[in-house]
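A.B. asks: Mind having a look at this structure? Questions to follow.
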Amino acid sequence: MILARSAAADHARRLAGAGYLINVGARTIWDARRKSTAAAPAKGRAVRPTFLPQFVDASRPLLPQSLLLARIHDAMGILWLSTYVQFLSMFKRVFERPAVKHWMGRATGVVPIASGSELRRLDDEHRARAVGR
């Protein structure tokens, strides 16, 4: 696997993932400021190219592993979203209030920004340890 053999490509992938998360969070906060509705969540499938490769065994065929991981990711998403819908339907009146929508739109944007910043920090630590070896 190319990313497993190239530290520079792996570093670029991590930076791109961190930048993407920060961008999603900033856009979510910006959209929440412009209107009183929560912005749509980021596409879950964008996670696959940045997150799932770490679980692939380079000594085994890539396609079957990737397909299995993708199906597991899909199943987890369906389970999560089904639970989420049930929860939201129980509190529908609360979540429809404009003040709650506005607050949730802003709070939702903070999570990807914090995650992207933490990924960036961890990547810097990882690189510093690799250089210090």
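A.B. asks: Within region 92-122, track down each residue that is in a helix (DSSP H, G or I) and farther than 24 Å from TYR20 by Cβ.
C.D. replies: Across region 92-122, the qualifying residues are LYS92, ARG93, VAL94, PHE95, PRO98, ALA99, VAL100, LYS101, HIS102, TRP103.
A.B. asks: Report, by residue number, each residue of region 49-101 that is among the hydroxyl-bearing types (Ser, Thr, Tyr) and over 22 Å from ASP10 (Cα atoms).
C.D. replies: SER82, THR83, TYR84, SER89
A.B. asks: Give just the number: which of (1) modelled with pLDDT of 85 or more; (2) part of a helix (DSSP H, G or I) does ARG60 not satisfy?
C.D. replies: Checking ARG60 against (1) modelled with pLDDT of 85 or more; (2) part of a helix (DSSP H, G or I), the one that fails is (2).
The values are calculated or read from the model by the stated rules, or taken from the named source; none is laboratory data. Because the structure is a prediction, the values reported are computed rather than measured. Using ideal geometry, Cβ is built from the backbone for each residue, glycine included, and neighbour counts are taken over all protein chains shown.
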